[in-house]
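First comes the structure, then the notes that go with it.
The values are calculated or read from the model by the stated rules, or taken from the named source; none is laboratory data. Here the structure is a predicted model, which is why all the values come from computation and not from measurement. Cβ placement follows ideal geometry from the backbone for every residue including glycine, while neighbour counts extend to all protein chains displayed. For the accessible areas, the whole protein counts, side chains as well, though only heavy atoms, and no ligand, DNA or RNA atoms are used. Shrake-Rupley method; radii C 1.70, N 1.55, O 1.52, S 1.80 Å.
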Amino acid sequence: MANQPQAMRRFRLRDIVEDRRIVLMLALGFSSGLPLLLVLGTFTLRLAFSDIDVRAIGLFSYVALPYSLKFLWAPAIDRLNVPVLSARLGRRRAWMVTTQAAVALCLTLMAFSDPKTNLALLGLGAFLVAFCAASQDVVIDGWRIDAAGSDFQGILAATSNLGYRLGLITAGAGALFIASAGGWTLAYLIMAALMLVGMIAALLAPAFDRPRTVQAETPGRSRFWSMRRAVLEPLTELHGRFGGALWGILLLVALFRLPDFLSGVMASPLYRTLGFDLKEIATVTKLYGIWVGIAGGFAGGWALARLGLFPTLLLGAFLAASSHLAFAWLAAGAPEIWRLTVAISIENFCGSFAGIVLIAYMSSLTSPAYAATQYALFSSLYALPGKLIAGSSGFVVAAIGYPAFFVMTSLVGIPVLVLCVAVGRRTGQAEAAAAPARDAQEAGNRIPGPELPTTARAPGAA
């Protein structure tokens, strides 16, 4: 019989040492973070150091799209069993082991694929790694939610994030140092072997599989009605609160981090073109840079607390776009390590600052009744356009060069700032506060009579 989560109780500091879920979550978080850079930053560096054309490098950014589309097959993972393994391990642990083994096999395929002779096979391996790793994330998130009550979720989420960061450092700086000393094949083979960390944790983890309850359908209500309530009502609720301004808000969310997605794909080829070696790139961009990014995130949180959301949103939009001028400056000068350090400092600090601000802004737009669905909409909207357009960045660089390209990405910030001024003050809290006064005014002009029901009405409206 599957283990059940512990009963809710007050968290104690000694639980960090005594509760094995902490260590297991740390290992699973590491396994979740490890594959990401192996199909993004580290992967593009491998292509750049193999002298692959910059236009092809840009197109290969599409292999990571499964990370943004995993919601499409997440319901299947949540419902289907893995043959044989699910009966022995439980559904979640079986999927974890399966996806982790698949990631390791696909990384092995990437290890033995030479970009110069088997570029298509290498790209296929990267896509399969992204698909399997994204599926692993779905299962690990589900296990984390099932494994703890609300009193322990914060601890497990923080532990998972720490493990994720350790995985990123390993796949970033670690893989680059190994590749510098022993080649890319050795680096990817070691990364594949490190997936054993997650597999061992999955085998040792308790099977917190909760039985699915099948709800009887209400007579006269079809499955389409359930879909309408689950999908359409959150959207109509947003439109009911924001009206026509919703289109400006959606455009703001879609464009806010677009410069980062465009420039991020071309950063690794730039380092190679300037002449930096793998050790220098690993030290500055992967080790030093990650701590600067953490500092930028804390600065964003501090600014939100001291300045408020709207002023910080304007500041974040300005910093996110203008920071790319540091890469333009780097591209136009000599390949000196201090110049790389300055550019990475500006880029990572401002990027993390803007990221925290965008998260706060998207969160403020949601309604408590539909928070999960509405936030998922915003988070997908902010990521997908940039990733879809980023594939063409290599062609732009080939046409106008690196300095002009990074100046161009900074100019994207101009319409973002205009949108911030236009709709940046329209948050869910502000609309909710204005709703009673607006409803009272409308009530004074309303002709008495029966009223048609609507799902678009803001919460609290009469």
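Between beta-carbons, use under 14 Å as the cut-off and find the net charge around residue 36, counting Lys and Arg +1, Asp and Glu -1. Don't jump to the answer; show the numbers that get you there.
On the way: positive: 70, 165, 286, 387; negative: 137.
Summing Lys/Arg as +1 and Asp/Glu as -1 gives +3.
Which ³J(HN,Hα) values, rounded to whole Hz and listed in residue order, are derived for segment 104-121 from phi using the Karplus coefficients 6.51, -1.76 and 1.60 in 6.51 cos²θ - 1.76 cosθ + 1.60 with θ = phi - 60°, glycine and proline given as x?
Calculated HN-Hα couplings, in order: 4, 5, 5, 5, 5, 4, 5, 4, 9, 9, 7, x, 6, 10, 10, 5, 5, 5 Hz.
Net charge within 15 Å of residue 298 by Cβ-Cβ distance, Lys/Arg positive one each and Asp/Glu negative one each, not counting residue 298 itself?
Numbers: positive: 165, 306; negative: none.
Summing Lys/Arg as +1 and Asp/Glu as -1 gives +2.
In terms of modelled amide H atoms, which long-range or inter-chain residues lie less than 5 Å from the amide H of residue 366?
428
Would any residue of segment 80-94 have its amide N under 18 Å from a label point 7 Å out along Cα→Cβ of residue 20? List them or say none.
Residues 88-94 fall inside that zone.
Per residue of segment 178-185, what does 6.51 cos²θ - 1.76 cosθ + 1.60 with θ = phi - 60° give for ³J(HN,Hα)? Whole Hz please, x for Gly and Pro, Karplus curve as stated.
Whole-Hz 3J(HN,Hα) from phi for segment 178-185: 5, 4, 5, 8, x, x, 6, 4.
For residue 165 paired with residue 203, estimate the spin-label separation in nm (one decimal), with each label point 7 Å from Cα along the Cα-to-Cβ line.
Using points 7 Å along Cα→Cβ, the separation is 3.0 nm.
Ranked highest first by the average count of other Cβ atoms within 10 Å around their residues, in what order do 176-189, 97-110 fall? Walk me through the numbers on the way to the answer.
On the way: 176-189: 18.9, 97-110: 22.7.
Final packing ranking: 97-110, 176-189.
Using 20 Å as the cut-off for backbone N distance, which residues of segment 120-139 belong to the label zone defined by a point 7 Å from the Cα of residue 388 along Cα→Cβ?
131
Given the options 162, 82, 45, identify the residue whose Cα lies farthest towards the positive end of the charge dipole of segment 43-174 (+1 on Cβ of Lys, Arg; -1 on Cβ of Asp, Glu).
Of the options given, the answer is 82.
With a 1.4 Å probe and all protein chains left in place, how much of the accessible area of segment 58-167 comes from carbon and sulfur atoms, in whole percent? Working shown, then result.
Details: 3260 of 4690 Å².
Answer for segment 58-167 is 69 percent, counting heavy atoms of protein chains only.
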